[in-house]
1. Do we find a residue being within 22 Å of residue 255 (Cβ to Cβ) and crowded, with 23+ Cβ neighbours inside 10 Å anywhere in region 307-316?
2. Against the condition under 14 Å from the mean Cα position of the chain (by Cα) and either on the phi > 0 side of the Ramachandran plot or modelled with pLDDT under 95 (or both), how does residue 277 come out, does it pass?
3. Does region 256-281 hold any residues that are under 25 Å from residue 359 (Cβ atoms), surrounded by fewer than 17 Cβ atoms within 10 Å (Cβ to Cβ) and in contact with a strand residue (DSSP E or B) (Cβ under 6 Å, 6 or more places away or on another chain), and which are they?
4. Which ones in region 71-84 are crowded, with 17+ Cβ neighbours inside 10 Å, assigned to a loop (DSSP other than H, G, I, E, B) and under 20 Å from the mean Cα position of the chain (by Cα)?
5. Could you list, in sequence order, all residues of region 85-126 that are surrounded by fewer than 23 Cβ atoms within 10 Å (Cβ to Cβ) and in a helix (DSSP H, G or I)?
6. Of all residues in region 371-383, count the ones that are in a strand (DSSP E or B) and more than 13 Å from residue 249 (Cβ to Cβ).
7. Output the residue which, of all residues in region 343-354 that are in contact with a strand residue (DSSP E or B) (Cβ under 8 Å, 6 or more places away or on another chain) and assigned to a loop (DSSP other than H, G, I, E, B), is nearest to residue 265 (Cα to Cα).
8. Across region 64-80, what is the total count of residues that are touching a helix residue (DSSP H, G or I) at 6+ places or on another chain (Cβ under 7 Å) and under 20 Å from residue 191 (Cα atoms)?
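The values are calculated or read from the model by the stated rules, or taken from the named source; none is laboratory data. What you are looking at is a predicted structure, and each value in this text was computed from that prediction instead of being measured. Cβ atoms come from the backbone with ideal geometry, glycine included; neighbour counts cover every protein chain shown.
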């Protein structure tokens, strides 16, 4: 999709946070993060999106913070992209018409920490490290991949220098350094990937063992086929990671009750919590032929999907968490997209939508099935890729 088309889409939906470059929403001053040297405010993360930086020519490899340690001077390294590893996400500058994608690259796990050029050195081989984000430090500014296109990660103060994997060695733990962007035999391009990525598309990213009770419960549903408990990278192809925010009440998100991955657990409405990664879902990405259609997996346990209890199509049928089953078309939904809000329609019964029972905003209120066109209902959701 071209940038001009995306600009058109954004103009058409100018109220969307994505088009404003505000993926992370507004935090109150009380939500500022205090560090030893600085305070992080909402303005610091405005105009960013959350993504993994995937080495384009070797797409099973991601930028990674060594040992997940937030200490100043810690190494930025290359490592296997791991679906379950939220510490591989960075807050990356959103696209702006005037400059492109330019700004600090914050570590999502500790957004007061930034990717930094050690000692401000501009020679080939200078180390890339983690350091306190400093407003006055222009050496922490980079031209980055965008939401829409891959690119090199260029140092803004010295745009002929790029982030480079030392010796182009793919080994886990190999360091990231500064190097000439136009050097021969180098692979400097990265993708900003907002969905899950895995080390091997032909092997399970996670293996889940069914409990005896799971098997008994599953067998009790005669229409439900045997679940496929191996979550593979292919299951994540064409998804993006987002919170499902109730559009008319945008402080409320879809949530898995008590963070429990048990079959039959309730899907509820709850306060959107910036720190709660368990409110994220991998959602189907937009496709020209069908739009945004597919399973809604739970990011914390991607072998679990949003599901209609008992395959019931009556008004008020409960929405639950259940093992994702490739053969179960009742787990397919039309969802909000990366670019526009929408109702969450059940693909097998597109006149039925996910609904907050009685439109009650109370924490813990359940999600149910209800006619999409029912009067006095609020069925629209936004897919918000940052904090809500």
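1. Looking through region 307-316, at least one residue is within 22 Å of residue 255 (Cβ to Cβ) and crowded, with 23+ Cβ neighbours inside 10 Å.
2. Values: under 14 Å from the mean Cα position of the chain (by Cα): yes; either on the phi > 0 side of the Ramachandran plot or modelled with pLDDT under 95 (or both): yes.
Judged against the criteria, residue 277 is a match.
3. Passing the criteria: 257, 264.
4. Restricting attention to region 71-84, the residues satisfying the condition of being crowded, with 17+ Cβ neighbours inside 10 Å are 74-79, 81-83.
This time we only want the ones that are assigned to a loop (DSSP other than H, G, I, E, B), so: 74, 81-83.
Across region 71-84, the qualifying residues are 81, 82, 83.
5. Correct list: 86, 87, 118, 119, 120.
6. Let us first name the residues in region 371-383 that are in a strand (DSSP E or B), namely 371, 380-383.
Narrowing further to those that are more than 13 Å from residue 249 (Cβ to Cβ): 371, 383.
So the answer is 2.
7. The extreme case among them is 344.
8. Let us first name the residues in region 64-80 that are touching a helix residue (DSSP H, G or I) at 6+ places or on another chain (Cβ under 7 Å), namely 64-65, 68, 74-75, 77.
Now restrict to residues that are under 20 Å from residue 191 (Cα atoms): 64-65, 77.
So the count comes out to 3.
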